[in-house]
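**Student:** Okay, here's the structure, questions in a sec.
Every read-out reported here was derived from the displayed coordinates using simple, explicitly stated rules and does not represent laboratory data. The model shown is predicted, which means the values in this text are computed figures rather than measured ones. Ideal geometry is used to build each Cβ from the backbone, glycine not excepted, and the neighbour counts take in all protein chains shown.
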Amino acid sequence: MKPFLFVISFLLIFSTTALSQKPNPDYDSVLVKKLGADQRGMKMYVLVLLKTGPNKSQDSVKISELGASHFRNINKMAAEKKLIVAGPIDKNDHSLRGIFILDVPTIEEAENLINRDLSVKEGIFEAQYFNWYGSAALPEYIPIDNRLRKTIPD
């Protein structure tokens with residue numbers, strides 16, 4: 001019976017320690033409101049996975065046009081402050097090509113933004129959408145990221 005009491009005592013001590021929290025001296029309620037953070041400093045985004053689509057065109061002129069559309073849409077979403085993170089995924093066995101994290105409230109809004117990209121509309125890429133819960137601070141990284149680039153797109 002003693003091991004049982006030890007386990008119960010341990011669980012009670014651990015659970016009260018794990019649940020106890022103290023106020024954060026760096027808490028910034030203005031920043032919380034600006035970024036739309038919850039009590040954990042997080043919020044919902046839409047994660048978009050781009051996969052290789054069904055269009056396997058070899059027309060280099062067309063592929064170039066679609067690539068330009070892809071990057072124009074990326075720049076437009078960033079200018080609209082809807083795009084938080086974007087980047088390609090290295091070669092893999094899952095046909096994954098890239099990701100976006102969009103600061104939008106719904107998958108429907110994310111679809112509207114992504115479907116402006118002709119490379120998605122014409123099937124070079126196929127998009128999959130997921131609600132994703134992450135740090136509300138993510139939008140703050142973009143101004144820093146812009147300062148790291150030696151050149152910028154036209």
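**Student:** Quote the Stokes-Einstein diffusion coefficient, in whole µm² s⁻¹, for segment 93-148, based on the Kirkwood radius over alpha carbon pairs, a temperature of 10 °C and a viscosity of 1.306 mPa s.
**Tutor:** Numbers: Rh = 13.2 Å.
In µm²/s, the coefficient rounds to 120.
**Student:** Continuing with the same structure: Are there any trypsin sites (Lys or Arg not before Pro) in segment 96-131 that are in a DSSP loop and have at most 16 other Cβ atoms within 10 Å? List them by number. If you can, show how the numbers build up before the last one.
**Tutor:** Numbers: sites: R97, R116, K121; in loops: R116.
Passing sites in segment 96-131 are R116.
**Student:** Taking segment 21-108, which chymotrypsin sites (Phe, Trp or Tyr not before Pro) meet the DSSP loop condition and have no more than 15 other C-beta atoms within 10 Å? Could you put the intermediate results ahead of the total?
**Tutor:** On the way: sites: Y27, Y45, F71, F100; in loops: Y27.
When the chymotrypsin sites (Phe, Trp or Tyr not before Pro) of segment 21-108 are filtered for loop state and at most 15 Cβ neighbours within 10 Å, Y27 remain.
**Student:** So what is the relative contact order for segment 67-154, in percent, with contacts set as C-alpha pairs under 8 Å and at least six apart?
**Tutor:** Numbers: 65 pairs, mean separation 21.7, N = 88.
25 percent.
**Student:** Note the angle between two axes, namely the Cα long axis of helix 2-19 and the longest principal axis of the Cα atoms of the chain, as a number of degrees from 0 to 90, rounded to the nearest 10.
**Tutor:** Long axis of 2-19 versus the principal axis of the chain: about 50 degrees.
**Student:** Any chance you could give the angle, 0 to 90 degrees and rounded to 10, that helix 60-79 forms with the longest Cα principal axis of the chain?
**Tutor:** 40 degrees
**Student:** Among L102, L138, rank each residue by its count of other Cβ atoms within 10 Å, from fewest to most, as a rough exposure measure. Display every interim value, and only then the final one.
**Tutor:** Values: L102 24, L138 16.
Listing L102, L138 from fewest to most nearby Cβ atoms yields L138, L102.
**Student:** Quantify how much of the Cα-Cα distance distribution of the chain extends past 23 Å, in percent.
**Tutor:** On the way: 6235 of 11781 pairs.
That fraction is 53 percent.
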